[in-house]
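Below you'll find the structure, written out as structure tokens, and then a few comments.
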Amino acid sequence: MESLERTFVTEGGIKERMHAARTGYRRQQDQRLADLERAVPALQQQLVQAQAEAAEWKAKYEDLKQRALSSYNRQQAEIERLKKESK
């Protein structure tokens, strides 16, 4: 009996322990949410930087593609001209 009394006095009854467990869980969830909310601006900034970098790479790719296509077309024209001259 004394052991049960000591446990009740130090830890409380079942309702108190259930309340402590619920509030502890809620505090953890609130802390996790606050941490995530603090991380959002940094992640948004990283996203903006990544999008800008991707746009830059895309522009460079398109430029390279156009230059390669132009060079290919010039070479084809030169080949056709040389074929006609050799006939």
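Values in this text are rule-based calculations from the coordinates and carry no lab data. Given the structure is predicted, the values throughout are model-derived calculations rather than measurements. Positions of Cβ are generated from backbone atoms using ideal geometry, with glycine treated the same way; all protein chains shown enter the neighbour counts.
Per-structure values
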| read-out | value |
| --- | --- |
| Hits in segment 17-65 (condition: closer than 30 Å to T7 by Cβ and of a type in the set (A, V, I, L, M, F, W, C)) | M18, A20, A21 |
| Boolean, E53 is assigned to a helix (DSSP H, G or I) and surrounded by 10 or more Cβ atoms within 10 Å (Cβ to Cβ) | yes |
